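Remarks on the structure that follows.
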Amino acid sequence: MIRVTGTKQEHLIVVPDQPGKRLLKKFFYWLLFGAFSVGSFLLGEYLGMQSQQTALVERDLLRVELAQKRAEIEGLTQEVTTLRVGADVDRQSTDNVRLTIKQLEEEKFQLQQDLSFYKNIMAPKSEDKGLRIQKYDLQKTEQIDRFRLKLMLTQVSDNNRLLSGLATVSLVGRQDGIEKSLSLKDVSEQVSVQNIKLGFRYFQNIPGPDERFAELVIPQGFEPDYVLVVAQSRGPKPKRVEQKIPWQFEEAVTDAPES
């Protein structure tokens with residue numbers, strides 16, 4: 001047998017041709033691939049459903065928690081509102097108490113003033129007894145030419161007999177640079193006479209028996225400087241008093257200055 005040296009010999013295997021077997025293998029492979037694909041799809045669907053179920057559960061839990069938080073917030077809001085209302089009530093009560101205390105203190109002060117006033121009339125300590133111009137109250141109004149005036153005359157005496165006499169009230173000032181005097185009846189409708197009659201035991205208000213004011217209407221161009229009050233009592237010991245009350249505006253009733 002002749003051998004060829006120097007050349008690699010390849011072994012060939014001869015197999016029979018089986019087309020049916022090849023087709024069966026391909027079918028098997030496609031079947032396996034299809035099963036794998038279907039399994040993957042079903043597994044994905046299952047996992048997706050599981051994830052969806054978990055998400056739904058978490059969503060429901062979050063909804064419950066949200067509702068609880070909202071209820072807590074509402075409860076806290078109501079509590080805060082209640083506390084605020086309580087604080088406002090307490091503050092209002094405190095303000096009312098302070099206002100009441102202030103009013104009582106003012107009333108107490110006024111009562112003390114009134115008590116001192118009546119004591120001086122009923123049991124005077126001063127030797128200067130008889131007729132006095134005790135108080136005056138001069139006020140502005142919203143109109144620049146209108147004012148309000150009230151006077152109080154008193155009798156300081158041990159026996160407090162009926163005092164009688166006359167009083168005149170005048171506004172003294174200037175008009176066009178010239179000194180001028182106007183009677184109270186010329187500038188006020190509440191006073192009809194120039195000489196006001198006096199008749200009292202303890203005190204008398206001008207313009208009337210009560211504590212009303214005389215409404216003053218100042219003529220155009222007239223500039224008041226002061227109010228001149230002259231009072232003359234009659235009787236065994238007549239007394240004449242005269243006071244100039246500056247044209248000033250006080251917040252409260254002011255004692256008339258001594259002339």
Worksheet item: Based on the Cβ-Cβ distance of Thr77 and Tyr46, what FRET efficiency does E = 1/(1 + (r/R0)^6) give at R0 = 45 Å, to the nearest 0.05?
Response: 0.45
Worksheet entry | Greater than 29 Å apart at Cα, pairs in Lys102/Lys129; Lys180/Lys239; Lys140/Lys185; Lys108/Lys197; Lys102/Lys197; Lys108/Lys244 | Lys102/Lys129; Lys108/Lys197; Lys102/Lys197; Lys108/Lys244
Worksheet entry | Amide proton proximity set for Trp247, modelled H, under 5 Å, gap of 5+ | Tyr226, Val227
Worksheet, complete the sentence: Simple spin-label estimate for Asp88/Gln232, 7 Å along Cα→Cβ, in nm, reads 6.7 nm
Worksheet, complete the sentence: Counting Lys and Arg as +1 and Asp and Glu as -1 over every other residue whose Cβ sits under 14 Å from the Cβ of Gln194, the net charge comes to +1
Discussion item. Need one number: nm distance between label points at Arg98 and Arg161, each 7 Å from Cα along Cα→Cβ, rounded to one decimal.
Written reply: 5.6 nm
Worksheet entry | For peptides 199-205, 232-238, sequence by mean Cβ density within 10 Å, most packed first | 199-205, 232-238
Worksheet entry | Phi to ³J(HN,Hα) by Karplus 6.51 cos²θ - 1.76 cosθ + 1.60 over the stretch 187-194, Hz, x for Gly, Pro | 10, 9, 6, 7, 10, 9, 10, 7
Worksheet entry | Estimated dipole of the stretch 21-99 in Debye, rounded to 20 [Cβ of Lys and Arg +1, of Asp and Glu -1, Cα centre] | 1140 debye
Worksheet item: In whole percent, how big is the carbon plus sulfur part of the accessible area of the stretch 66-107, probe 1.4 Å, protein atoms only?
Response: 56 percent
Worksheet entry | For the stretch 123-224: accessible area per residue (Å², 1.4 Å) | 57 Å²
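The values are calculated or read from the model by the stated rules, or taken from the named source; none is laboratory data. Everything quoted here is computed from the prediction, not taken from an experiment. Neighbour counts run over all protein chains shown; Cβ positions are idealised from the backbone, glycine included. Heads up: the accessible areas ignore ligands, DNA and RNA and are worked out on the full protein's heavy atoms, side chains in. Shrake-Rupley method; radii C 1.70, N 1.55, O 1.52, S 1.80 Å.
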